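Below: one structure, written as structure tokens.
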Amino acid sequence: MSGIYLHIPFCRHKCTYCDFTSFPDKLGLAEAYMACLCKELELRGRELERETFDTVYFGGGTPSVIDPDYIYAAMKQIVKHFHLTKNPEVTIEMNPGTVSEKKIATYKRAGINRFSVGLQTAIDSQLEELGRIHNVRDYLYCTSLLKGENFSADVMLGLKGQTKEDVRKTVEVAAWSGARHISMYALTPEDGTPIYTDYLNGELPDADEVRALYDYGYALLREKGYSRYEVSNFCKKGYESRHNLNYWRRGEYIGVGVSASSFFYGRRFTNTFDLDEYMKCILSGFLPVVENERVEEKDAKFEFVMLALRTAEGISAERYHAAFGSDWREDFAAARKKNAAYLTENGDRTCIKDEYLYVQNHILMDFMEN
Ligand code: SF4
């Protein structure tokens, strides 16, 4: 099964840690941009008319900052130009500072059945420090509008001055609000973002402190009935993100919109990161692809193993064999032997032992060098 990703690059304000493709000063271009995105959907749909898609994901940026009718129109375009499975998972990312009852009603009419809400932290002073436009009350209002719906909450670790008590409060707010899925990510300070200065000044928690916050958060999530199915993703039974599982299973996906990347027919390709160039290309009838490469088999095999080892389901020898015609245990014999103490095997499956999943990057280095 394959996924469709749509990039909506508009935000009301740039967060201090953000290095995503998002333009806080270009919201006025939303109507023209969404018309181009619909055109790209048509062009892509023609190329992929034989394929079936199981998930749709509106990400950003802040998809919920634009007029919901544009989202509705994009969904109509998808239904018109792509073949979707019977019950597709359709997700939209929402910033709690941008929602309304009317918007959510329009999303539901469009067929959206999963919502990803950026809580980040339940401490208002930390939200302010991050440059987020919402506070905890906005999050609670947003999730009150989503009662009974399938929604996920994003939580961040590694914030300036963040304590275990802060993590406890955040996880409790997320769980209490009814989130069936919680993503708990460690902040990565990227060079060029304002928060990078805090990092250079030693003002952010170090790796050991973040690890302690993660372990604490993980224990709380487990207590509250959330299972970890990927290193940063937790959910109630049956509420895994199908869209993200497809990425981790190295499934195919098409990305539309500025900076969106795709993986299809063994090739990885990316659209331009320049908003004007993106719209000019589309208006001229061209696909705005700036990178396009075939993934070599050696890289493809490593990707498969690396992505699978992030997850609780781990590597399936059968799926690996179906993809590459070989046995992963032979292809990665040296790395597997060296890391035997960190791995656990169950029939067809091999995964990293629960207690080592957080440090999987160290283990993966050996698989990369295998
Ligand atoms: S809301 Fe998201 S995409 Fe927009 S600036 Fe903040 S982190 Fe970046």
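Radius of gyration (Cα atoms) of region 234-359, expressed as a multiple of 2.2 N^0.38 Å: 1.30.
Take the alpha carbon gyration tensor of region 35-188, find the square roots of its eigenvalues, order them as a ≥ b ≥ c, and report rounded if a/c is under 1.5; if not, report prolate when a/b exceeds b/c, else oblate. All intermediate terms of the calculation are to be shown ahead of the outcome.
On the way: a/c = 2.18, a/b = 2.09, b/c = 1.04.
The shape class here is prolate.
The DSSP beta bridges internal to the chain are antiparallel in roughly 40% of cases.
Explain nothing, just the number: dipole magnitude of region 258-323 about its Cα centre with +1 on each Lys and Arg Cβ and -1 on each Asp and Glu Cβ, in debye rounded to the nearest 20. If you can, show how the numbers build up before the last one.
Details: 8 positive and 11 negative charges, 35 e Å.
Dipole of region 258-323, to the nearest 20 debye: 160 debye.
Cβ screening of the chain for cysteine pairs under 4.7 Å finds these without a partner: Cys11, Cys36, Cys38, Cys142, Cys235, Cys281, Cys351.
So what's the back-of-envelope 222 nm ellipticity for the chain, counting only DSSP H runs of four-plus at -39500 (n - 2.57) apiece and dividing by all residues, rounded to 500?
Working: 15 runs with 151 residues, N = 370.
Taking each H run of at least 4 residues, the total per residue is -12000 deg cm²/dmol.
Using a Förster distance of 45 Å, how high is the FRET efficiency between Ala341 and Thr85, based on the Cβ-Cβ distance and rounded to 0.05? Numbers along the way, then the final one.
Values: r = 41 Å, r/R0 = 0.90.
The formula returns an efficiency of 0.65 here.
Of all the options Glu128, Glu296, Glu240, the one that moves most in a Gaussian network model of the chain with Cα springs shorter than 10 angstrom is Glu296.
Taking the chain as a Gaussian network of alpha-carbon nodes connected by springs under 10 Å, the highest mean-square fluctuation of the residues Gly111, Gly257, Gly60 belongs to Gly111. A convex hull fitted around the alpha carbon atoms of the chain yields 143 Å³ per residue. What net charge do the residues around Tyr278 carry, taking every other residue with its C-beta under 12 Å from that of Tyr278, with Lys and Arg at +1 and Asp and Glu at -1? Residues close to Tyr278 contribute a combined charge of -1. 3J(HN,Hα) along region 191-201, derived from phi through the Karplus expression 6.51 cos²θ - 1.76 cosθ + 1.60 where θ = phi - 60°, amounts to 4, x, 9, x, 5, 4, 5, 4, 5, 4, 7 Hz, with x in place of Gly and Pro.
Net charge within 12 Å of Phe302 by Cβ-Cβ distance, Lys/Arg positive one each and Asp/Glu negative one each, not counting Phe302 itself? Before the final figure, lay out each step's value.
On the way: positive: Arg250, Lys298, Lys301; negative: Glu296, Glu297, Asp299, Glu303, Asp331, Asp366, Glu369.
That works out to -4.
Taken along the Cα-to-beta-carbon direction at a fixed 7 Å, the label points for Leu140 and Ser261 span 4.0 nm. In the frame of its principal axes, region 313-369 has Cα extents of 30, 23, 15 Å, reported largest first.
When only Cα pairs under 8 Å and 6 or more residues apart are kept, what is the percent relative contact order across the chain? Provide the component values of the computation, followed by the final result.
On the way: 654 pairs, mean separation 55.7, N = 370.
Rounded, it is 15 percent for the chain.
Coordinate-derived values only; no laboratory data. If you're wondering where the values come from, they're calculated on a predicted model, not measured in any experiment. Positions of Cβ are generated from backbone atoms using ideal geometry, with glycine treated the same way; all protein chains shown enter the neighbour counts.
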